[in-house]
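The values are calculated or read from the model by the stated rules, or taken from the named source; none is laboratory data. Just so it is clear, the model here is predicted, and its values are computed rather than measured. Cβ coordinates were reconstructed from backbone atoms using ideal geometry, including for glycine residues, and neighbour counts include every protein chain displayed.
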Amino acid sequence: MSQTGISSIQISERGANKKIKFIVGGVLIVLAIAYLMYAGLQSNATYFMTVDELYAKGTTVENRIVRVSGMVDEETIEFNNRDLILKFNVLGENGQALPVVFNGPKPDQMRAGTEAVIEGTYDGHSFEAQNLLLKCPSKYEGEPEEIELQAIDKSS
C-alpha cells in the first residue's frame, strides 16, 4: 500500500509541474506578442499637425517622421523634370511657410488653394516629404443637375 501512495504522489507532482510549465509558457508567449504589437505601433506611429503646430513644437519633432497639413503656396512651386524634384511651400493658418522638398512626380492637382498633407522628416529648416497627398479642390464638387446640363450643352 505504501508503494501505490508514493507513485500517486509522484504522478500528481509531475502533473502539477506540467501545468506550471504550460502556464509560464503561455504567459511568455502572450507577453512576447504584446511587446511585438507595441513595438510595431510605435515604429509606425506618426504625428499629424498643422504647420503652425510644427513650428511651435520646435526641436522636439526634428528628424522624426511627422505628418503635416497646410495650403500649397502656388508662387513657390518649382519642379525639376529631369531629377523629379518638387519644391514648394506649405502655408499655415498664421501665414508661416514651411519649405518642402519632394522627390517624385508632380501631382496634377498641385495648384493654389489645394490642401497638402505631407509625411516625412523636418530638419529644422525644410521638410523632406516621402509621401505627398493633395485634397481634391472643391471645383470638382457640384450639383448633379449642373453636371447633366454641362454634358447636354457639349453634345448639342
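Take the conditions assigned to a helix (DSSP H, G or I), touching a Leu at 6+ places or on another chain (Cβ under 7 Å) and of a type outside the set (D, E, K, R) and apply them to residue 31. Does it pass?
So residue 31 fails the test.
Conditions (1) surrounded by 11 or more Cβ atoms within 10 Å (Cβ to Cβ); (2) among the small types (Gly, Ala, Ser); (3) on the phi < 0 side of the Ramachandran plot, marked per residue:
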residue	(1), (2), (3)
51	yes, no, yes
59	no, no, yes
64	yes, no, yes
68	yes, no, yes
72	yes, no, yes
85	yes, no, yes
90	yes, no, yes
93	yes, no, yes
97	yes, yes, yes
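If residue 88 satisfies all but one of (1) among the hydrophobic types (A, V, I, L, M, F, W, C); (2) over 23 Å from the mean Cα position of the chain (by Cα); (3) assigned to a strand (DSSP E or B), what's the number of the condition it fails?
For residue 88, the exception is condition (2).
How many residues are among the small types (Gly, Ala, Ser) and either surrounded by 13 or more Cβ atoms within 10 Å (Cβ to Cβ) or not in a loop (DSSP other than H, G, I, E, B) (or both) if we restrict to the range 99-131?
Residues in the range 99-131 being among the small types (Gly, Ala, Ser) and either surrounded by 13 or more Cβ atoms within 10 Å (Cβ to Cβ) or not in a loop (DSSP other than H, G, I, E, B) (or both): 4 in total.
Answer yes or no: is there a residue in the range 119-137 that is touching a residue at least 40 places away in the same chain (Cβ under 8 Å), under 17 Å from residue 48 (Cα atoms) and of a type in the set (Val, Ile, Thr).
yes
Quick check: anything in the range 134-142 part of a strand (DSSP E or B), at pLDDT 90 or above and not β-branched (Val, Ile, Thr)?
No, the range 134-142 contains no residue that is part of a strand (DSSP E or B), at pLDDT 90 or above and not β-branched (Val, Ile, Thr).
Quick check on my filter: what residues within the range 51-72 are charged (D, E, K, R) and within 15 Å of residue 133 (Cα to Cα)?
Across the range 51-72, the qualifying residue is only 67.
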